Each structure stands twice: as structure tokens, then as C-alpha cells.
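Asks: Okay, handing you the structure first.
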Amino acid sequence: MEAAAQLTPGGVRAIVDGALPAQIQPVLQVLQVRQVTNPNPNPNPNTSERYRMTLSDGAHSHQAILATAFNPFVWDGTLRVGTIVHLNEFICNTIHDK
């Protein structure tokens, strides 16, 4: 049996506070994955499918948008609720003061 993955304590807070990938590459758990609906009546079928995730470090959680290059992991079930992920690259943007 595989040992439980160790989530990065304070990983979410570090990202939200502006840490860069060179400073922290946290291990987080996926709490939620859901498709984001596109309000555009004529979306481009190659780029319109997006997924919003909630990621947790065990104490804090934060929403994230998955890069479309990783959509196949959602489609094949590799990326789902409960999956442990190691973030090698990320960008944290503030949208509407959130």
C-alpha cells in the first residue's frame, strides 16, 4: 500500500501571498473539479472547455482554473476529486478583488 502524500503546509497561503514557482512547488489535493460554462454564444470548440478546481493544502483552499493543456487528465479521470497534485508552475491573479 502506498504511503499517504504529504500536503505542503501553508502552500495555498504562500501562493495567494505572491510566492513564485521558484520559491514553492506545493503538493495540494483537489477538492472539486467542475466545467466552467462559456457565456460566448459561438465559442471556439478548440479552446472553450475550461475547468475550475478547488485545491487544498489541508488547512486552506483556493480556486484555480486548469490550463487547457491539462484537460485530457480530467477527461480520462486522472485529475478528479481527491487527486494529489504537485504544482511545478502556476500563476496567481486577483480577479474582482478576490
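The values are calculated or read from the model by the stated rules, or taken from the named source; none is laboratory data. Since we're looking at a predicted model, the values are computed, not measured. When we count neighbours, we look across all protein chains shown, and the Cβ atoms used for this are built from the backbone with ideal geometry, even at glycine.
Asks: Which of the residues that make up region 6-22 are more than 17 Å from ASN93 (Cβ to Cβ), outside any helix (DSSP H, G or I) and either touching a strand residue (DSSP E or B) at 6+ places or on another chain (Cβ under 7 Å) or small (Gly, Ala, Ser) (or both)?
Replies: Step one: of region 6-22, the residues more than 17 Å from ASN93 (Cβ to Cβ) are 6-11, 22.
If we keep only those that are outside any helix (DSSP H, G or I) as well, we get 6-10, 22.
Within region 6-22, GLN6, LEU7, THR8, GLY10, ALA22 meet the criteria.
Asks: Next question, about the same structure. Can you tell me which residue within region 82-98, out of those that are within 11 Å of the chain's Cα centre (by Cα) and without any contact (Cβ under 8 Å) to a residue 60 or more places away in the chain, is nearest to GLY10 (Cα to Cα)? Quick ask: steps written out before the conclusion?
Replies: Within region 82-98, the first condition is being within 11 Å of the chain's Cα centre (by Cα), and the residues that meet it are 83-87, 89-92.
The next check asks that each one be without any contact (Cβ under 8 Å) to a residue 60 or more places away in the chain; those that pass are 83, 85, 91.
Numbers: THR83: 18, VAL85: 15, ILE91: 17 Å.
Checking each candidate, the answer is VAL85.
Asks: Sticking with this one: Could you please give the count of residues in region 49-68 that are under 19 Å from ASN93 (Cα atoms) and not in a strand (DSSP E or B)? Outline the logic, then answer.
Replies: Of all residues in region 49-68, those under 19 Å from ASN93 (Cα atoms) come to 50-57, 60-68.
Next, from what is left, pick out any that are not in a strand (DSSP E or B): 57, 60, 66-68.
Residues flagged as under 19 Å from ASN93 (Cα atoms) and not in a strand (DSSP E or B) within region 49-68 amount to 5.
Asks: Same structure again: Pick out the one residue from ALA19, ALA59 that is at pLDDT below 95 and of a type in the set (Gly, Ala, Ser).
Replies: Details: ALA59 fails: at pLDDT below 95.
Answer to the check: ALA19.
Asks: A further question follows. How many residues does region 27-47 hold that are outside any strand (DSSP E or B) and modelled with pLDDT of 70 or more? Step through it out loud before you land on a result.
Replies: Narrowing region 27-47 to residues outside any strand (DSSP E or B): 37-47.
Applying the additional criterion that residues be modelled with pLDDT of 70 or more yields 37-38.
Result for region 27-47: 2.
Asks: Another question, then. Scan (1) closer than 28 Å to PRO9 by Cβ; (2) of a type in the set (Asp, Glu); (3) modelled with pLDDT of 95 or more; (4) loosely packed, with under 14 Cβ neighbours inside 10 Å for the single condition ASP76 breaks and write down its number.
Replies: Tallying (1) closer than 28 Å to PRO9 by Cβ; (2) of a type in the set (Asp, Glu); (3) modelled with pLDDT of 95 or more; (4) loosely packed, with under 14 Cβ neighbours inside 10 Å, ASP76 fails exactly one: (1).
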